[in-house]
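The values are calculated or read from the model by the stated rules, or taken from the named source; none is laboratory data. Since we're looking at a predicted model, the values are computed, not measured. Counting neighbours? That spans all protein chains shown, and the Cβs are built from the backbone with ideal geometry, glycine included. When the accessible area is computed, the model is the full protein with side chains, heavy atoms only, and any ligands, DNA or RNA have been set aside. Shrake-Rupley method; radii C 1.70, N 1.55, O 1.52, S 1.80 Å.
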Amino acid sequence: MRDEELGRLLLRPLDTEPAEPSRIDVSAAMRDGRRGRWWRNWMAAAGVTAVIATATTGGVLAFGGSDPAPLPPLPPDPNVPSACTFEVLPMGEETSAEVRAADPSGTYVVGQGDPFYEGKNNLMMWRDGDLIAHVRQTGKPVLMSDVNGSGVAVGSTDGWPTVPYVYRDEKISRLRGTGQAIAVNDAGMIAGTEETSRRYVPQRWASPDAEPEIMKMPAGITNGRVWDMAEDGTILVSVSGSMTTSEEPYLWYADGRVERIPPPPGTTDQSFGMTAFHHGWIYGYSSGSASSGVSGPYTFVHRYDPVSQTWETVDAGVLPAQVPGAGGPLTGEVSVIVGREIVTLPTERRTDDDGFLVESISGDARIMTGTVLSLSASDIPARPILWRCE
């Protein structure tokens, strides 16, 4: 989710434009509240109300009649890593930095310097673990949310109103239109969300030089936002009838078709959250009741194959393993989902309250990236990190 989304994406349900300038101390809010952004993104994805009556780890659920036709083969999972190493990415002149995203191969990683202070969020880019770009920003900073295999990154201004931008040829330039740029694939297609004070709708650009195209909304649907995009141009969106009603996941295909993602069998509510594409699957979360009688919040991690319409539940627990790019900071074991397996990553902790965010996983699961930050002390720098696995 991913948005900021997963993240890398909270939208403002305003009925009218503000009548006067905000009295909020934005700089203070950025310093004190940026850490809370990750928790809000996690809750936006996982704080939903679907109760999965038949959820069991590793369970497979497929749609069909009493005598369904044979299902197409499921997307293959990457080989599960047997060992991983931990390293801090170089920060150049920055004393604090975070990872924002990586391309599907794990070659290019995009991030930002000094992530907790408004106006100091310089763009950073690494290739094969080496810092290759450090672009100083002036004015309202642009926070990148994705990068492709050519090192082209997209993002948006931080704060309202949002404006979409692209980084290419060693400079940051504005995209046509308004709102957020969330994802970019290797073909150069960009997906994002147009935002106004009255609505938000999915949009896409055929290329960085193109005009944005607005998604044709299904009947009765007025709002929607983008979470992620697959390499073939399929866009994961969530839509709702208004800015205050619950959202449902849809797929917006490259040919213009729009298709609703059905809920898992046994779901009594459709408010589950799908957040990211990985390895040909769409991953997401729901919350509900544990069959084992565990009290308190209980989260299920699901994945969905849109070709066969197959659901799998890959983890469940009070604190399940993290889907890369779609979870909150992990303070205990850093356990991530690789395919349908769970891998525990090595860490180097500076304080007991260090939190680790896993922002990306490569298609072959050999490169993962993220950020380690203190969840309580703003004077402890954030560090961009990379795991190499074999």
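Only one entry of Ser308, Ser362, Ser335, Ser374 meets the criterion of being small (Gly, Ala, Ser) and in contact with a helix residue (DSSP H, G or I) (Cβ under 9 Å, 6 or more places away or on another chain), and that entry is Ser374.
Against the test of being more than 16 Å from the chain's Cα centre (by Cα) and more than 20 Å from Gly111 (Cβ to Cβ), the options Trp281, Trp311, Trp387 yield a single qualifying residue, Trp311.
Restricting attention to the stretch 185-213, which residues are in contact with a strand residue (DSSP E or B) (Cβ under 9 Å, 6 or more places away or on another chain) and of a type in the set (Gly, Ala, Ser)? Listed by number, the residues that qualify are Gly188, Ala191, Gly192, Ala206, Ser207, Ala210. May I ask you to list pairs of residues, at least six apart or on different chains, whose Cβ atoms are under 7 Å apart, with the first in the stretch 370-390 being closer than 23 Å to Ala102 by Cα and the second being among the aromatic types (Phe, Trp, Tyr) and open to solvent by 10 Å² or more (accessible area, probe 1.4 Å)? Note: pairs meeting the criteria are Ile385/Phe86; Trp387/Phe86.
Listed by position, the strands (runs of 3 or more DSSP E) contained in the stretch 157-276 that have at least 1 residues being of a type in the set (Lys, Arg) are 164-168, 171-174, 200-205, 223-229, 258-260. Can you find even one residue in the stretch 282-298 that is modelled with pLDDT of 90 or more, open to solvent by 10 Å² or more (accessible area, probe 1.4 Å) and at positive phi? Within the stretch 282-298, not a single residue is modelled with pLDDT of 90 or more, open to solvent by 10 Å² or more (accessible area, probe 1.4 Å) and at positive phi.
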